[in-house]
Amino acid sequence: MTGPMSRKLEARIVDYIARRLPDGRDFQLQDVQRIAVGWSHETWLFDLVWQEGGMARRRGLCLRRDPGNTLLRHLSSLEQQFRVLQCLADTALPTPRPYWFEHDPAILDMPFLVMEKVPGVCPSPWGREGRAFYQAAAGRGALPASFTATLASLHTLDWRVAGLDFLGVPAPGTDFARREIAKWRALIDLSGHPPEPILTDLISWLEANAPPVERLTLVHGAYRTGNLLIHDDRISAVLDWELQVLGDPMYDVAYVLSDLNREGTPLLSNLVDRDDFYRDYEAATGFTIDDAVCRYYNALYAMRSVAFWMSASGLYAAGQSDDIRLARTAWSVPVVLERAARELGY
Amino acid sequence: MSPDQLLERIAATLRRDIGPAIGDEYPRTQAFMAAVVLQKLGRGLACAPAHRAAAAADMDALVVDLEAALAAAPPPPAIATAVAGLGRSRDAVALCALIEALYANREALDPARFDALLSRVRRTLRADIDRRVEVAA
């Protein structure tokens, strides 16, 4: 579905929420807006207004629906996203508060979750306006500090106490990297893409060089500007809980350090001075950034990118999506493979 | 007009005339993406004969070099089998099998020999990916 929300869908959402809030009446959705970016779930923002106890109420909500043909295929689960947000709701990490998850497609045609609409903006770091936004914020200093402090908060929260062990706890040693390799290999296998010798080289190298993990933390998996909501020069919410795992915090650090996530600037994620990031992250977490391990995870990210693009173009090729953006990603595969070859030194 | 020129021209029409005339964001993006896809298909068609010839020559040279390297000293049987397979089929499947065999037998090869064989394979992979990026980038 594209464009504005249909009256029928709006009515079904109102009907659903009315059943969840039985003390309210006269429910209405206002300022309905579809978030147009992303390759994954369908996302709607709106304000719910209603009457309750003789008073007018208003609450900002975000609704995400899973059309079942997302780039991550079986690896993307709204239910897991909902559980993660529930676990994080009472931690120091800023995240949207989750309200409801429904698996039954009879309600809104597909599984969906409803969560808090957190105040803030999320400029794309790839566009001119977004780059200008982050450039200006970098000059003021508060947002870069918040970026690093929020990552440190994510890596130092007690995931056992938060109940996040359902994500799967890697065994000591190299199990974390091996799990990631296996996960992305499964996605590659599902894509139906023909064999790629550079990918075989990359996977073989990753398996032969998997680093042991010193400590296990919650890992976001895509911590960068564009996945972070910003309000008053601070991170108001960490978004996009689709790739999170329990694993090596250096996996996130490598992503922050990667030049994949900045464009035309030495600032990490278009925002943070590299030296400041090292200093502030290490001071806040007590961890030492391991550059060699980060280089390994950069190669792992190359494999992950190949898996994304093979999956995306495979969905189009198999007729599971009509989105021509997915067809176009067939040409992203060699570009990422070329990058992988450079990561391996050739 | 050759097929690649035809695709390039349709892509230009989509980009210049059709896309900008579409009001809604989603179909407009789809039109521009279709232009990109057609342009890349066109470029691929134009480059295909030269790329096919270069790839075949590179593969022939790789097989010759690997056979010579293995003749100097007998390798682990799995590597000999993989090189023989590559000599027969000269395709990506056989190349993947050879790379897997090299890594799987890394301990049996001394490090210098492993590096030499893998480096030779990588030289061919680099040439191949450079050609593909010429179309894809």
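The values are calculated or read from the model by the stated rules, or taken from the named source; none is laboratory data. In this text the structure is predicted, and so the values were computed from the model without any measurement. Here the Cβ positions follow ideal geometry from the backbone for every residue, glycine too, while neighbour counts run over all protein chains shown.
At-a-glance table
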| quantity | calculated |
| --- | --- |
| Considering residues of region B:12-37 that are within 29 Å of the chain's Cα centre (by Cα) and either more than 12 Å from chain A (Cβ to nearest Cβ) or more than 28 Å from A:Ile35 (Cα to Cα) (or both) only, the residue surrounded by the most Cβ atoms within 10 Å (Cβ to Cβ) | B:Arg15 |
| Odd one out for A:Lys183 among (1) of a type outside the set (S, T, N, Q); (2) surrounded by fewer than 12 Cβ atoms within 10 Å (Cβ to Cβ); (3) away from every other protein chain (no Cβ under 14 Å) | (2) |
| Unmet requirement for A:Leu218, which otherwise passes all of (1) within 11 Å of another protein chain (Cβ to nearest Cβ); (2) buried (at least 22 other Cβ atoms within 10 Å of the Cβ); (3) under 26 Å from the mean Cα position of the chain (by Cα) | (1) |
| Test: residue in region B:39-60 that is farther than 30 Å from A:Ser313 by Cα and not in a loop (DSSP other than H, G, I, E, B) | yes |
| Of residues in region A:291-324 being among the acidic types (Asp, Glu) and surrounded by fewer than 17 Cβ atoms within 10 Å (Cβ to Cβ), the one farthest from A:Leu75 (Cα to Cα) | A:Asp291 |
| Matching residues, region A:166-180, being in contact with an Asp or Glu (Cβ under 8 Å, 6 or more places away or on another chain) and either at positive phi or surrounded by 17 or more Cβ atoms within 10 Å (Cβ to Cβ) (or both) | A:Phe176, A:Ala177 |
| Subset tally (residues that are in a loop (DSSP other than H, G, I, E, B), under 19 Å from the mean Cα position of the chain (by Cα) and more than 26 Å from A:Arg295 (Cβ to Cβ)) for region A:120-177 | 6 |
| Residue match in region B:42-57 (condition: more than 19 Å from B:Ala136 (Cα to Cα) and surrounded by 13 or more Cβ atoms within 10 Å (Cβ to Cβ)) | no |
| Test: residue in region A:62-76 that is in a strand (DSSP E or B) and over 30 Å from A:Met303 (Cβ atoms) | yes |
| Which numbered condition A:Thr70 fails, given (1) crowded, with 17+ Cβ neighbours inside 10 Å; (2) modelled with pLDDT of 95 or more; (3) among the polar types (S, T, N, Q) | (2) |
| Which listed residue is part of a strand (DSSP E or B) and at pLDDT 95 or above, from A:Ala283, A:Ala237 | A:Ala237 |
| Residue within region A:91-110 that is within 30 Å of A:Thr329 (Cα to Cα), touching a Leu at 6+ places or on another chain (Cβ under 6 Å) and touching a residue at least 24 places away in the same chain (Cβ under 8 Å) present | no |
| Selection from region B:73-131 of residues that are assigned to a loop (DSSP other than H, G, I, E, B), more than 8 Å from chain A (Cβ to nearest Cβ) and surrounded by 14 or more Cβ atoms within 10 Å (Cβ to Cβ) | B:Pro75, B:Pro76, B:Arg90, B:Asp91, B:Asn105, B:Leu109 |
| Hits in region A:251-275 - residues which are surrounded by fewer than 17 Cβ atoms within 10 Å (Cβ to Cβ) and either in contact with a strand residue (DSSP E or B) (Cβ under 9 Å, 6 or more places away or on another chain) or under 28 Å from A:Thr174 (Cβ atoms) (or both) | A:Asp259, A:Leu260, A:Arg274 |
| Of all residues in region A:295-346 being within 14 Å of chain B (Cβ to nearest Cβ) and not in a helix (DSSP H, G or I), the one that is nearest to A:Pro67 (Cα to Cα) | A:Ser321 |
| Cβ pairs under 7 Å, 6+ apart, first in region B:7-27 and more than 13 Å from B:Gly42 (Cβ to Cβ), second assigned to a helix (DSSP H, G or I) | B:Ile18/B:Ala31; B:Gly19/B:Arg28; B:Gly19/B:Ala31; B:Gly19/B:Phe32; B:Gly19/B:Ala35; B:Ile22/B:Arg28; B:Ile22/B:Ala31 |
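The rows are residues; the columns are (1) within 14 Å of chain B (Cβ to nearest Cβ); (2) in contact with a Lys or Arg (Cβ under 9 Å, 6 or more places away or on another chain); (3) surrounded by fewer than 17 Cβ atoms within 10 Å (Cβ to Cβ); (4) touching a residue at least 60 places away in the same chain (Cβ under 8 Å).
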residue: A:Leu187; (1), (2), (3), (4): no, yes, no, yes
residue: A:Pro195; (1), (2), (3), (4): yes, no, yes, no
residue: A:Ile198; (1), (2), (3), (4): yes, yes, no, yes
residue: A:Trp205; (1), (2), (3), (4): yes, no, no, yes
residue: A:Tyr223; (1), (2), (3), (4): no, no, no, yes
residue: A:Ala237; (1), (2), (3), (4): no, no, no, yes
